[in-house]
Amino acid sequence: MIDQVIQFLKSAQYIMALTGAGISTESGIPDYRSKGIGLWEKVDPAEMASISYMLSNPKEFFEFNIRQWSKYMDVEPNITHRVLAAMEKAGYLHGVITQNIDNLHYKAGSKNLFEVHGHLRTAHCINCAEKYNFKELVMQFSEGINPPRCTCGCLIRPDVVLFGDPMCSDFYRALEQVKKCDLLIVVGSSLQVYPVAELPLYCEKFVIINQEPTPLDDRAEVVIHNTAGKVFDSIAHKLNLYY
Ligand SMILES: [Zn+2]
């Protein structure tokens, strides 16, 4: 099945990758949808990471989320992030669309990157829109300032898309990219969070590489149920890519 993917990679003209939490688990970031190790297993993600919860219970919102998010800052990209960046550099891939906010594609060197759920590099004040580095939030939180405050006195929030937020501009730009694609490589996404889960349907053809089955497996040209790291190690060897 990997050979079939290689054949597609060599023959398609405009290829993008769509990645989800499953590719970052090998860097030590838990996938909140995996059974047993799920970050969200005991809480409702739509509640804890929602805009309404942030506004109604800011202290609890940051207490829960900043502890998780701040862990991402020291995490390093793994083989999948690095191979995807190498594929872009070698001209196999036009770019990467990711649902992840963990910064790992950015760290791995992906250039044409669409972070459709935002990222944890920056933040802004919900009142005056003053921009901040995400580290400022972590610093304030660690000093006991919860919720983190702008100089105007209002709350600073990270530039991530929370449940209940409108999608960011990267999503609409990614959608335009997918419509141009003749191949989309879906990696490590359970394709359960909308509207991103529908993106593959806008593409001529797509393949899915994910440990668990997804709702779109029936519509994919190729489905590989394995860890992203193993599959991309093999892809890199077959394409003679250094990463
Ligand atoms: Zn402000």
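Of note:
- Where a residue in region 123-145 is of a type in the set (A, V, I, L, M) and its partner, wherever it lies, is within 10 Å of the ligand (Cβ to nearest atom) and open to solvent by less than 80 Å² (accessible area, probe 1.4 Å), with Cβ under 7 Å and at least six apart: A123/Y132; A123/I156; I126/C154; I126/L155; L137/I156
- Within region 12-47, tally of residues that are out of contact with any strand residue (DSSP E or B) (no Cβ under 6 Å at 6 or more places or on another chain) and either among the hydrophobic types (A, V, I, L, M, F, W, C) or modelled with pLDDT of 80 or more (or both): 16
- Residue ranges of strands (runs of 3 or more DSSP E) in region 115-225 with at least 1 members away from the ligand (no atom under 16 Å from the Cβ) and either open to solvent by less than 30 Å² (accessible area, probe 1.4 Å) or among the polar types (S, T, N, Q) (or both): 118-125, 156-160, 183-187, 206-209, 222-224
- Unmet criterion (only one of (1) free of Cβ contacts under 8 Å to residues at least 60 places away in the same chain; (2) within 23 Å of S11 (Cβ to Cβ)) for A197: (2)
The values are calculated or read from the model by the stated rules, or taken from the named source; none is laboratory data. From a predicted model like this one, the values you see are computed outputs, not experimental measurements. So basically every Cβ, Gly included, is an ideal-geometry build from the backbone, and we count neighbours across all protein chains shown. Just so you know, the surface numbers come from the protein's heavy atoms only, side chains and all, with ligands and any DNA or RNA stripped out. Shrake-Rupley method; radii C 1.70, N 1.55, O 1.52, S 1.80 Å.
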